[in-house]
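The values are calculated or read from the model by the stated rules, or taken from the named source; none is laboratory data. Keep in mind it's a predicted model, so treat the numbers as computed, not measured. Please note: Cβ atoms are built from the backbone with ideal geometry, for glycine as well, and neighbour counts cover all protein chains shown.
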């Protein structure tokens, strides 16, 4: 970007073209008040507190563009007096408490700097407030109608929940719905709290406003959010070992000063009275508190007994996408080196294992192809099977911001939610018909010459086979299969095909199907046909990861057939490299996947299972059969924060640290390694999963040789060439580094495949997989199709968010259904209903509306007591065993 040089108080300052004078003034080191300004927002120029003299006129610096050769005066007596007058006018309408000693906020800081005391605040007050919301409180007496909160909500968050009401001096911010804040469209991102200059909008508790969070006696720790896979950088404020506030980092590489309700506010679970603080051991059918030595000895004896009775393969472990990279690395190393089995898996099996398989087959590596920064610069977004506005709110907000600035948007999702409400084309396929939909789009791209012939000729393979297949996927036939109108299909293909820099973003609506891997590969076909991957003509194919470290858990080798870095355990050269680093043999036979572990337990072949941070009795599909498997297994060990359903039935429960209490790294959805740092100590006797795994190994007489998390990442870097340039020290210096990163002196590859693809032949591989129907279909007995997914206020099984103020925002599990279906089955809005499938029964509360089309119903999986996962089948992706959560035939009746 070209620069502009202006003179500020006699000193030349260079700023990017398009900058305001306020940017130039601040670049010169001059502090100006700017009460209506936030550098994340469009300028307003309403408060007149940033006045400067430019040539012969006085101007508001925030709305005046910087032009070459401008001379700006900030220190002249006239402009200083005008700025002070503007601030005093604003202050005069406020009550004295606005400037009381120690008052937080930007306005109070400005007044102290100008020598304006509390006596200048002469407002009567009495306009009241709104404390209905658990996380955001409004004090109308402190509102100066600057509009920053309104712009934050619309321009950054994209929720449009706030507005200014009243006239003149009575103007004040209010929820756009007109009712209490808690009943508004607010999604509690906290952006309004951060930007409010007066404390009119604040968070309850010890840190009411942004400024108050920086008291000298409080510690500030930079870490990475432990909820979804976006990887937001957060500053955790703590005092006396307790979290007082969590603030989004302005320099966060993905979030850029933004957050969502979970990362920002949902940390109350830490101090829940239900938090586990001592190990538990089952005696005579009852879990009883014991010391760590006794618990560890019991686990070690049980693992040895299992190996003695059935061999190493009678032991298995389910590692955790919530744990750090270093913890996942240690778990898989423990299973392979200490136990002698490859029976280790993680929950990516249940969500994104088709992404790993599909992206690897198409391009060569298992991660998304581009950085999110590139995706957010695209001129056309194809968002498929994902609702990032709710499931990944920071990503959803940035994508919406791009759309509001002119990017085209195609959404493929059965439901009319989130980004679909802003789409140029909304494709609503029947659940389970993704492959046909993607082939229909590819058919149009080929038929209308919207492909990159040079790219296909030079960098891809498989075009003849795909072309032959696509003959059968005309728009009309695809309409018959998917229900998507042919005109919409053609419009979407043209919008994507004619874009200069398109990007594909997708979620679990693509992967959690019987043919999920085919879905990923067929979706990747579109980027290959357009030459939009590995080039400057597009930004590839990018999966949104649901859990904080689901990418990293697999990167670290917590998989039954792959070692760290995705080397195959069946490959002798890969095993030899690991054996050289670990100093012991690595078993050659791939281990059991999670569904196979449960089947082996039911058959009596699995004698010990270690479950780390997953409530498999509540979240895995066909949970009745999962419970049978765990009951049949002689030893079940569970690492947990709370007494989950899995923990309640375990033989040993080990209390562990949360993401706010541990050291290590996570990998986010666009492959960035980022640091995780402990802001507070874990409660009671709880330990990190890292220390727990080391302790179990020690109890079995083995030293895993990684005393600290930093040592584990260093060992992994020595084992995996793609991670060789990574270390805690580097991340501490640089903040975030994407993999592949083979060299400590060079940056990681944010954009993949710019020279060649990582496939054996160096080319992208088009897939010619025919559409096949889903595993379940509705019939007269079960006439509706159930789709499960996430809602904005909760996370996965809800074990953390339901133990926080989020429960007040989303207190019950709802079943969304269309008014036509509600009428047909005698269901009324707000009443309890029974949902039955061929596998089980659940009870939910009906919410009637048009979000979901006729014939389909939707619910979340955040409330295990509802029994939603008892409904889902054991049908799974044919390649990876990922469950078909997105297609379950059900019936609904009033309870």
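Observations
- Listing of strands (runs of 3 or more DSSP E) fully contained in region 762-854 that carry 3 or more residues being touching a helix residue (DSSP H, G or I) at 6+ places or on another chain (Cβ under 6 Å): 841-848
- The set of residues in region 562-579 that are crowded, with 18+ Cβ neighbours inside 10 Å and touching a helix residue (DSSP H, G or I) at 6+ places or on another chain (Cβ under 7 Å) comprises 563, 564, 565, 567, 569, 577, 578.
- Filtering region 136-158 to residues that are surrounded by fewer than 24 Cβ atoms within 10 Å (Cβ to Cβ) and closer than 22 Å to residue 804 by Cβ leaves only 137.
A quick yes/no check of all residues on (1) assigned to a strand (DSSP E or B); (2) surrounded by 24 or more Cβ atoms within 10 Å (Cβ to Cβ); (3) modelled with pLDDT of 95 or more; (4) in the same structural domain as residue 39 (by TED's automatic domain parsing):
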site: 194; (1), (2), (3), (4): no, yes, no, no
site: 199; (1), (2), (3), (4): no, yes, no, no
site: 205; (1), (2), (3), (4): no, no, no, no
site: 208; (1), (2), (3), (4): no, no, no, no
site: 217; (1), (2), (3), (4): no, no, no, no
site: 220; (1), (2), (3), (4): yes, no, no, no
site: 230; (1), (2), (3), (4): no, yes, yes, no
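- So residue 479, is it in contact with a helix residue (DSSP H, G or I) (Cβ under 8 Å, 6 or more places away or on another chain), closer than 30 Å to residue 388 by Cα and in a loop (DSSP other than H, G, I, E, B): no
- Verdict on residue 115 being outside the structural domain of residue 151 (by TED's automatic domain parsing), surrounded by fewer than 18 Cβ atoms within 10 Å (Cβ to Cβ) and within 30 Å of residue 12 (Cβ to Cβ): no
- Some residue of region 596-608 being within 16 Å of residue 350 (Cα to Cα) and touching a strand residue (DSSP E or B) at 6+ places or on another chain (Cβ under 6 Å): yes
- Residue in region 542-561 that is surrounded by fewer than 21 Cβ atoms within 10 Å (Cβ to Cβ), closer than 29 Å to residue 883 by Cβ and not assigned by TED's automatic domain parsing to the domain that holds residue 359 present: yes
- Qualifying residue in region 587-601 (condition: buried (at least 24 other Cβ atoms within 10 Å of the Cβ) and closer than 30 Å to residue 500 by Cα): no
- Single residue of 538, 534 found to be touching a residue at least 12 places away in the same chain (Cβ under 8 Å), touching a strand residue (DSSP E or B) at 6+ places or on another chain (Cβ under 6 Å) and assigned by TED's automatic domain parsing to the domain that holds residue 374: 538
- Enumerated strands (runs of 3 or more DSSP E) restricted to region 242-346, each holding at least 3 residues that are touching a helix residue (DSSP H, G or I) at 6+ places or on another chain (Cβ under 9 Å), under 28 Å from residue 711 (Cβ atoms) and not assigned by TED's automatic domain parsing to the domain that holds residue 221: 315-318
- Qualifying residue in region 40-50 (condition: within 17 Å of residue 63 (Cβ to Cβ) and in a helix (DSSP H, G or I)): no
- Filter pass, residue 777 being surrounded by fewer than 15 Cβ atoms within 10 Å (Cβ to Cβ) and either at pLDDT below 90 or within 18 Å of residue 888 (Cα to Cα) (or both): yes
- When 396, 385 are checked against the criterion of being closer than 25 Å to residue 432 by Cα and under 14 Å from the mean Cα position of the chain (by Cα), a single residue qualifies: 396.
- Test: residue in region 2-19 that is out of contact with any strand residue (DSSP E or B) (no Cβ under 8 Å at 6 or more places or on another chain), free of Cβ contacts under 8 Å to residues at least 60 places away in the same chain and either assigned to a helix (DSSP H, G or I) or farther than 13 Å from residue 73 by Cβ (or both): no
- Among the residues making up region 64-103, those that are at negative phi, touching a strand residue (DSSP E or B) at 6+ places or on another chain (Cβ under 8 Å) and not in a helix (DSSP H, G or I) are 64, 65, 66, 67, 68, 70, 71, 72, 73, 74, 76.
- Scan of region 159-181 for residues that are touching a helix residue (DSSP H, G or I) at 6+ places or on another chain (Cβ under 8 Å) and within 25 Å of residue 388 (Cβ to Cβ), ordered by number: 159, 160, 161, 162, 163, 175, 177
- Residues satisfying the stated conditions in region 594-637, i.e. closer than 22 Å to residue 279 by Cβ, in contact (Cβ under 8 Å) with a residue 24 or more places away in the chain and in a helix (DSSP H, G or I): 616, 617, 618, 630
- Meets criteria (part of a strand (DSSP E or B) and either closer than 18 Å to residue 617 by Cβ or at pLDDT below 90 (or both)) for residue 865: no
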